[in-house]
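The values are calculated or read from the model by the stated rules, or taken from the named source; none is laboratory data. Since this is a predicted model, take the numbers as computed values, not measurements. For neighbour counting, all protein chains shown are included, and Cβ atoms are generated from backbone atoms with ideal geometry for every residue, glycine included. Remember, those area values only see protein heavy atoms, side chains included, never the ligands or the DNA or RNA. Shrake-Rupley method; radii C 1.70, N 1.55, O 1.52, S 1.80 Å.
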Amino acid sequence: MKGVPVMEAGHLMRRIFIGKVVVNIGVGESGERLAKAAKLLEELTGQKPSLRRARRSIKEFGVKKGENIAVMVTLRGEKAINFLKRALAAVDYKINERSIDKHGNFAFGVKEHILLPGVKYDPEVGIFGFDVIVALERPGYRIARRRRKRSKIGYRHRVTREETIAYLEKVLGVQVIRAKRGG
């Protein structure tokens with residue numbers, strides 16, 4: 001995998017790398033605002049976004065089941081790395097420890113898209129916030145996704161929370177903010 005930052009860990013199959021980066025803009029309504037969000041996401045990532053539908057109706061928010069309310073993009077490889085670096089710069093390379101799950105994934109939000117380096121404010125589009133979700137993997141994770149002879153990833157082969165924190169600090173240069181314990 002050219003250009004993808006990898007954390008070496010002794011054995012070749014124990015390396016950790018970025019599997020995918022998912023970028024999501026939840027608008028909460030369909031129509032013109034959703035179309036603007038889709039256009040913006042395409043400009044930011046260079047990839048055509050897909051629409052996401054509401055799972056259930058929420059009368060208080062005026063959302064009906066099956067209505068398009070969000071747009072998302074899945075980035076892999078070089079595109080994922082480039083976008084992730086820009087998104088981390090928007091949050092000053094700081095991530096809260098609570099944003100990391102036990103399976104080696106982490107997520108963070110960017111309040112305004114204009115915080116990304118090189119993005120200018122466009123009054124026609126407005127300002128949107130978005131979520132960035134990153135999945136870390138090891139070689140061999142394909143067995144969980146393949147069509148034929150699908151299998152589970154062994155417990156010892158999964159990326160742990162501690163390994164994710166080490167990857168963030170050593171490879172990406174991110175400061176992980178530890179949660180204060182006790183009262």
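List of remarks:
- Only protein heavy atoms count here; under a 1.4 Å probe, residue 17 has an accessible surface of about 20 Å².
- Mean Cβ neighbour count within 10 Å, used as a protection proxy, ranking 39-51, 113-125 highest first: 39-51, 113-125
- Whole-angstrom Cα spans of the chain along principal axes, big to small: 51, 45, 40
- Rounded Å value of the spacing that divides the Cα centres of segment 68-118 and segment 127-152: 15
- Highest mobility in the GNM of the chain, judged by mean-square fluctuation with C-alpha springs under 10 Å and restricted to 65, 94, 149, is found for 149.
- Segment 154-159 - phi-based ³J(HN,Hα) in whole Hz, Karplus 6.51/-1.76/1.60, Gly and Pro as x: x, 4, 6, 8, 6, 7
- The chain: most fluctuating residue of 71, 132, 171 per GNM, C-alpha cutoff 10 Å: 171
- Shape call, segment 96-183: gyration tensor on alpha carbons, a/c limit 1.5: oblate
- Once the chain from residue 13 to residue 55 is taken as fully extended at 0.36 nm per residue, the excess over their C-alpha distance is 11.3 nm.
- The aspartates and glutamates within cross-link reach of residue 152, meaning a Cα-to-Cα straight distance under 17 Å and a gap of 8 or more places when in the same chain, are 137.
- About the centre of its Cα atoms, the chain shows a dipole size close to 1340 debye [charges on the beta carbon of Lys, Arg (+1) and Asp, Glu (-1) only; nearest 20 debye].
- Helical runs (DSSP H, four residues minimum) scored at -39500 (n - 2.57) apiece and divided by the length of the chain put the mean residue ellipticity at 222 nm at -6500 deg cm²/dmol.
- Cα shape, segment 9-65, gyration tensor, a/c 1.5 rule: oblate
- Ligands, DNA and RNA aside, residue 93 has an accessible area near 80 Å² when probed at 1.4 Å.
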